[in-house]
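Structure first, commentary second.
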Amino acid sequence: MHKKITKIGKLHALVFDVALMELARLKTSDDVNVEVHAGGTITITPLRSRPSAGEVAATIKGVMKDYARTMRRLA
């Protein structure tokens, strides 16, 4: 994908269109990590927090409750 660096006030920016933001699963104000590698390559990585053990357990319990009948048949 070809993008152009634009000037916004005194800053320089890459403008991402909606399709690119959706593909990267990014929203306005999301935190990202920006790294500059040897040779000038720039990597932008989304910073997403991992769910806690409690959140994972609650999700599993909810799924098991929703699909209890199916799970019993599969057992």
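Read the figures in this text as sums done on the coordinates, not as results from a lab. Every value quoted in this text rests on a predicted model; they were computed, and no experiment measured them. We place every Cβ from the backbone using ideal geometry, glycine too, and count neighbours over all the protein chains shown.
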| said: For the chain, what does the helix formula give at 222 nm: sum of -39500 (n - 2.57) over DSSP H segments with n ≥ 4, over the residue count, nearest 500 deg cm²/dmol? | reply: -10000 deg cm²/dmol
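Please report the net charge: other residues with Cβ closer than 15 Å to the Cβ of residue 1, K and R +1, D and E -1.
For residues surrounding residue 1, the net value is 0.
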| request: Count charges around residue 16 for me, please; just the other residues with Cβ under 13 Å from its Cβ, Lys/Arg as +1, Asp/Glu as -1. | output: +1
| request: Go through (1) 26.2, 88; (2) 20.7, 64; (3) 13.7, 40 and flag the label whose value is the computed Rg and Dmax of the Cα atoms in Å for this structure. | output: (2)
| Candidate aspartates and glutamates - alpha carbon under 12 Å from residue 27, same-chain residues fewer than 8 apart omitted | 17
| note | With the dipole of region 5-74 defined by +1 on each Lys or Arg Cβ and -1 on each Asp or Glu Cβ, the option from 67, 24, 9 whose Cα lies farthest towards the positive pole is 67
| remark: Long-range amide H partners of residue 26, meaning residues 5 or more apart or on another chain whose placed amide H is closer than 5 Å, are none
| Angle between the Cα long axis of helix 53-66 and the longest principal axis of the chain, 0 to 90 degrees, nearest 10? | 50
| query | Which lysines have a Cα less than 26 Å from the Cα of residue 61, not counting those fewer than 8 places away in the same chain? | reply | none
